[in-house]
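Here the structure comes first, spelled out in structure tokens, and everything after it is commentary.
The values are calculated or read from the model by the stated rules, or taken from the named source; none is laboratory data. This structure is a prediction, so every number in the text was calculated from the model and none was measured. Glycine also receives a Cβ, built like all others from the backbone with ideal geometry; neighbour counts cover every protein chain displayed.
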Amino acid sequence: MSASLSCLDDVSRDRLRLGDPARASEDERRRALVRLIGAMPVVLQILETIRDLRLPDAWLVSGGIYQNAWNLMTGKPVGHGIKDYDVTYFDGGDLSYDAEDRVIRAVAGALPALSGMIETRNQARVHLWYPERFGSAYPRLTCSTEALTLYASKTHAVAARMTAGNKIEIAAPFGLATLFAMRLVPNRVLDTAKTHAEKSARLKRLWPELQVIGWDDAEA
């Protein structure tokens, strides 16, 4: 699967319209994001790998998708600014770290060229370690994509996976308008103001085109 240069140019030129909920539909935005993903070889490789490993409810989430979309929309190379690629799956049958570690090793072993850049987590066990690490409670999840609704920014909440028929599926509980508008909007469902501020500052340095909505600002 690949995207033609003309398709990418169309998305890049059209991003302001795509970023306006009143001017473009969510279906249009999803199709545009799929076209962009088709021009991200590293993302396609990850999607194919986690599909072929048959991990339960597995997705590539967040920065590896939206940041690379920003790269393509602003003329930067794929991979610019990417710290890691987050792979999530959901296995509620075994909440042990040993089981999760086996999956972490399997994914890393299947993607040796991305050594050190893949972070794999079982979303079924996040509630077990989150309070100690972040100092606040975290709900027990029922599926991988439920975690998207709890991210510090609504703009971060995007996931993709590849079907057996090579179709790319998108999950985006808050929609994709803010991704295309390059606007970081806080998600205040958890006390993640510090995370939103820190991530926004880093992202703004890497993509100066971004508009950052502060934690206490109105979402205009």
Within the stretch 51-60, the residues that are more than 20 Å from Leu95 (Cβ to Cβ) and either crowded, with 16+ Cβ neighbours inside 10 Å or touching a Ser or Thr at 6+ places or on another chain (Cβ under 9 Å) (or both) are Arg51, Leu60
Being over 17 Å from the mean Cα position of the chain (by Cα) and outside any loop (DSSP other than H, G, I, E, B) is the filter; apply it to the stretch 131-188 and report the residue that is surrounded by the fewest Cβ atoms within 10 Å (Cβ to Cβ).
-> Glu132
Screening Tyr130, Tyr151, Tyr138 for residues that are aromatic (Phe, Trp, Tyr), touching a helix residue (DSSP H, G or I) at 6+ places or on another chain (Cβ under 7 Å) and either on the phi < 0 side of the Ramachandran plot or touching a residue at least 40 places away in the same chain (Cβ under 8 Å) (or both) leaves only Tyr138
Mind checking which pairs have a first residue in the stretch 33-48 that is of a type in the set (Asp, Glu) and a second that is surrounded by fewer than 17 Cβ atoms within 10 Å (Cβ to Cβ), Cβ under 9 Å, 6 or more apart or different chains?
-> Glu48/Asn166
Scan the stretch 149-156 and give yes if some residue there is touching a His at 6+ places or on another chain (Cβ under 7 Å), among the small types (Gly, Ala, Ser) and within 27 Å of Arg30 (Cβ to Cβ), otherwise no.
-> yes
With the stretch 18-80 as the region, which helices (runs of 4 or more DSSP H) entirely inside it contain at least 3 residues that are farther than 11 Å from Phe180 by Cα and of a type in the set (Val, Ile, Thr)?
-> 41-52
Being closer than 26 Å to Lys154 by Cβ, touching a helix residue (DSSP H, G or I) at 6+ places or on another chain (Cβ under 9 Å) and among the hydrophobic types (A, V, I, L, M, F, W, C) narrows it down to one of Ala110, Ala39, so name that one.
-> Ala39
In this structure, does Gly116 turn out to be exposed (fewer than 15 other Cβ atoms within 10 Å of the Cβ), modelled with pLDDT under 95 and part of a loop (DSSP other than H, G, I, E, B)?
-> yes
Please find, among Ala137, Ala164, Ala99, Ala172, the residue that is aliphatic (A, V, I, L, M) and modelled with pLDDT under 95.
-> Ala137
Is it the case that the stretch 198-218 has a residue that's among the polar types (S, T, N, Q), surrounded by 18 or more Cβ atoms within 10 Å (Cβ to Cβ) and over 26 Å from Val34 (Cα atoms)?
-> no
Tabulated pairs, the stretch 98-111, first without any contact (Cβ under 8 Å) to a residue 40 or more places away in the chain, second surrounded by 12 or more Cβ atoms within 10 Å (Cβ to Cβ), C-beta under 6 angstrom, 6+ apart or interchain = Glu100/Asn122; Ile104/Thr120; Ala108/Ile118
Criterion (within 30 Å of Glu48 (Cβ to Cβ) and of a type in the set (Ser, Thr, Tyr)) met by exactly one of Thr149, Thr192 = Thr149
